[in-house]
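Let me begin by presenting the structure, written as structure tokens, before commenting on it.
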Amino acid sequence: MPELPEVETTLRGIAPYVDGQTLNQVVVRNASLRWPVPVDEVAALEGSEVLKLSRRAKYILIHFKQAVLMLHLGMSGSLRVVDTSYPAAKHDHIDLVFGTRAIRFNDPRRFGCCLVMQEPVQAHKLIENLGPEPLGECFDGDYLFTRSRGKRVAVKNFIMDGQVVVGVGNIYASESLYAAGIRPTIAAQRVSRVRYQRLAEEIKRVLAKAIEAGGTTLNDFTQVDGKPGYFRHELQVYGRAGESCHKCGDEIQSKVIGQRNTFYCRRCQT
């Protein structure tokens, strides 16, 4: 599933072809995504100039004067920049045409979305209850410590809760907790302020490094030019069960927490 670094990579990849450009045409081949694509509302944006692009959590927002186009990649979606003459594949559901190039939305599982919303975007029902951005100034160890008081849920599930902080998905939660030396199974309320300060720093560092590497390709994700995300080469524990911890040499463990596979070192994470 594309997580925050993959979505940010996608946003940066399409920006040169979209920002300040006129949307010439919208081609909807299949409107049956997670929510039905509002074809008439999307088509009404044709002929309009893109004022800016932004991201909130894992939503890509394309701002026009009259409305905002919201895109979400779901579990297996991707955006590719292609020539308009390039034939559409089976799961290429939507084209946003800008001149001779199209931003092509491919989604085999159809859990993504393409919706039209009005400003202010923060008031939209899909966004209004989301937590802060992990790379923003509002996110730090003090914030995590305060939010965690009285929380008996495992700390890994706590930092993956979108109402606590957005965009810390399964891969990056495992990696950040390993870097911070915190066992993922410990109750959130038992983690000290000092350890949350370290965890917040590691979340920021891991996510920033993943964005720099173009995200992580494990199964479906590719960048807008079709290249894989290279952060998979930087993974320290995720997907490495049975291998040796590069810090202590002990065997990396795997455990299901909150229905997600979790990886950690029992020596280095306490």
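Values quoted throughout were computed directly from the atomic coordinates according to the rules given, and no laboratory measurement underlies them. Source: prediction; values computed, not measured. Using ideal geometry, Cβ is built from the backbone for each residue, glycine included, and neighbour counts are taken over all protein chains shown.
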Value of Rg to Rh for the range 20-177 (Rh from inverse mean 1/r over Cα pairs, i.e. Kirkwood): 1.03
Gaussian network model of the chain, springs between alpha carbon atoms under 10 Å - residue of V153, V166, V68 with greatest fluctuation: V153
Shape metrics for the range 122-190, restricted to C-alpha atoms - Rg then Dmax, Å: 12.0, 37
Among A210, A67, A57, residue whose mean-square fluctuation peaks in a GNM of the chain (springs only between Cα atoms under 10 Å): A67
Farthest toward positive dipole pole in the chain [+1 Lys/Arg, -1 Asp/Glu at C-beta], among A31, T100, H246: H246
Bins of 10 Å, starting at 0 and running to the largest distance - Cα pair percent for the chain: 7, 28, 32, 20, 11, 2
Dipole of the chain, positive direction: furthest Cα of V206, T185, V116, with charges on the beta-carbon: T185
Helical mean residue ellipticity (222 nm; -39500 (n - 2.57) per DSSP H run of 4+; nearest 500) of the chain: -7000 deg cm²/dmol
Residue (of G20, Q163, V42) at the positive-pole extreme of the chain, dipole from beta-carbon charges: Q163
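Given the Cα-Cα distance of D142 and K255 and 0.36 nm per residue of separation, how much length would full extension add, in nm?
In short, 37.8 nm is gained.
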Highest-fluctuation residue, C113, C248, C138 considered, GNM on the chain with Cα pairs under 10 Å: C248
Loop-located trypsin sites (Lys or Arg not before Pro) in the range 236-270 whose Cβ has at most 16 other Cβ within 10 Å (DSSP): K247, R266, R267
With Cα atoms, 0 to 90° folded angle of helix 170-180 axis to the chain main axis: 40
Lysines whose Cα lies under 27 Å from that of K125, excluding same-chain neighbours fewer than 8 positions away: K52, K58, K65, K151, K156, K204
Electrostatic dipole magnitude of the chain [Cβ: Lys, Arg +1; Asp, Glu -1; Cα centre; debye, to 20]: 1200
Percentage, to the nearest whole number, of Cα pairs in the range 10-104 over 22 Å apart: 20
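Rounded to the nearest 20 Debye, what is the dipole magnitude of the range 1-126 about its Cα centre when Lys and Arg each give +1 and Asp and Glu each give -1 at the C-beta? If you can, show how the numbers build up before the last one.
On the way: 15 positive and 13 negative charges, 66 e Å.
The dipole of the range 1-126 has a size of about 320 debye.
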